[in-house]
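As structure tokens, the structure follows; a few thoughts come after it.
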Amino acid sequence: GLNNVGQIPFDTVYIHPKILDGYGETMSKSKGNGIDPLDIIEKFGADALRFSMVHLTTETQDVRLPVQFECPHCGASIEQTRKNRELPRVTCSSCNQDFSTQWARTAADQALPRGLVTSERFEVARNFVNKLWNAARFALMRMDGYTAGPIDHNELTVEDRWILSRLATVTGQVTCNLETYAYAETAKTLYDFVWSDFCSFYVEMLKDRLPKAADPELSSDERGMATSAGGEFRPEAAALAAQRMTTFVLDQILRLLHPVMPFVTEEIWQLLGQIAPQRGMNEVETAERWLAAARWPTGLHSWANPAIEAQFELFQSALTSIRDIRARQNIPPKTPLRFVIRCSQTVADRLQPLGSYFTSMANATLTGIGPAVTPPKPAASSVHPEFEIVADMTGLIDKAAEKAKLEKEKAKTAAGIKGKQAKLSNDKFTASAPPEIVQRERDGLTQLEEQLKTIEAAIRDLEE
């Protein structure tokens, strides 16, 4: 069911793509190159199967789905070929043991363990299901002392306002996609929002705000410090506000995901109902017993805030740059980093309020930001069109790896400059293109030239 959204009229014809195997051939039972849904469910789960098939409904463009056998003895994947796909038994190339296939007919072949026929394309969806489950479990473990009540808008933090804005934006996009049968876009939008925005960022930001009383590893002394005189645990006002926000956002996400992942969302809904049967944003309501009967999210448009979404997108890029530097320099996550951000004052004003999150989410301390910061030496840098992250690498830097990375960025930026120069030197383009397009190309060229200067300066500093 589509949960009261995007119901298809009787006279509607929906055209879906043709599913091909890894060789571009149409899947067919007679060819033996099809996939048994029960095999996929056994290995990846029913929700992974459903979400993947929704994600693959790319209108009329054919989709390739490489097929593999899974050895029942060692679990190795064996590519299904034109030669082995109709054999009654296959020998595993990893453990050299035989297993049967769907073509097994003799008693000897049927006595062998059967190898599942699967595809690696379903792994992404399985990982997504696990990501949602783990994030929900984390949140539900920290609901000790929760009480229902409307959320005070004055107590909302910047990350609360951001996730509400993203929720409003995504709800509008998903609703529109379902109503126009754009199922692949529905799956992609929800995947990006839930995985990146909710699980990887918002839940991480909540770790210091939510109480830890429900954590089995919490000591009795720590729990006693958060317990009222009457012996009943009551979270502080800020923590209670975080709990109410978490239950509301999770509630809305489950409603949005239910059409494409009904089983895990219904399970989480039941667990949420045990802990927070009453929840809401402006008004507290008793949640429906079954998620399948819950109303589709509405009334969130007032929380849409493009400015705060742009601010967090900038922060996400900066955080990714810091993690990139760690990976490139092989610096363990537990090793503290110090860094500066060289950027315009406008960008500094947008990133400065989020400075503390670099410490909590990347174990990195922001020591300076703006156009006049002095970069540390030795340093490792990561250049973004709107800023440059410069990390203090005293005792940490791998000079060869850093220089190789900067040289690669230099070549890529130089190629971009060359392309824009060629376009702007074309009189036909500058004369016929709309003025705003031409100006955008000129601005892009200026930005790339400044970026190239920054990279060259970083290379010189490294060499010195």
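The values are calculated or read from the model by the stated rules, or taken from the named source; none is laboratory data. Given the structure is predicted, the values throughout are model-derived calculations rather than measurements. Methodologically, a virtual Cβ is constructed for each residue, glycine included, from the backbone with ideal geometry; neighbour enumeration extends over all protein chains shown. Please note that ligands, DNA and RNA were not included when accessible areas were found on the heavy atoms of the full protein model with its side chains. Shrake-Rupley method; radii C 1.70, N 1.55, O 1.52, S 1.80 Å.
A few points about this structure:
- Within the range 264-300, the set of residues being of a type in the set (Val, Ile, Thr) and open to solvent by 30 Å² or more (accessible area, probe 1.4 Å) comprises ILE275, VAL284, THR286, THR298.
- Among the residues of the range 48-70, those that are free of Cβ contacts under 8 Å to residues at least 60 places away in the same chain and surrounded by 13 or more Cβ atoms within 10 Å (Cβ to Cβ) comprise MET53, VAL63, ARG64, LEU65, PRO66, VAL67, GLN68, PHE69, GLU70.
- Where a residue in the range 201-212 is without any contact (Cβ under 8 Å) to a residue 60 or more places away in the chain and its partner, wherever it lies, is outside any helix (DSSP H, G or I) and surrounded by fewer than 20 Cβ atoms within 10 Å (Cβ to Cβ), with Cβ under 9 Å and at least six apart: ARG209/THR157
- Just one of the listed residues (THR147, THR169) is touching a residue at least 40 places away in the same chain (Cβ under 8 Å), of a type in the set (S, T, N, Q) and surrounded by 14 or more Cβ atoms within 10 Å (Cβ to Cβ), namely THR169.
- The residue list ALA307, ALA348, ALA318 contains one member that is assigned to a helix (DSSP H, G or I), of a type outside the set (Ser, Thr, Tyr) and open to solvent by 30 Å² or more (accessible area, probe 1.4 Å), which is ALA307.
- Of all residues in the range 362-397, those satisfying the criterion of being open to solvent by 20 Å² or more (accessible area, probe 1.4 Å), among the aliphatic types (A, V, I, L, M) and either at pLDDT 90 or above or part of a strand (DSSP E or B) (or both) are LEU366, ILE369, ALA372, VAL373, ALA379, VAL383.
- Listed conditions (1) out of contact with any strand residue (DSSP E or B) (no Cβ under 6 Å at 6 or more places or on another chain); (2) under 17 Å from PHE339 (Cα atoms); (3) touching a residue at least 12 places away in the same chain (Cβ under 8 Å) are all met by ALA391, apart from (1).
- Cβ-Cβ under 9 Å pairs, at least 6 apart or on other chains, the range 34-47 side free of Cβ contacts under 8 Å to residues at least 40 places away in the same chain, far side part of a helix (DSSP H, G or I) and small (Gly, Ala, Ser): PRO37/ALA46; ILE41/ALA48
- Residues within the range 392-440 that are under 17 Å from ASN330 (Cβ atoms) and among the hydroxyl-bearing types (Ser, Thr, Tyr), tallied: 1
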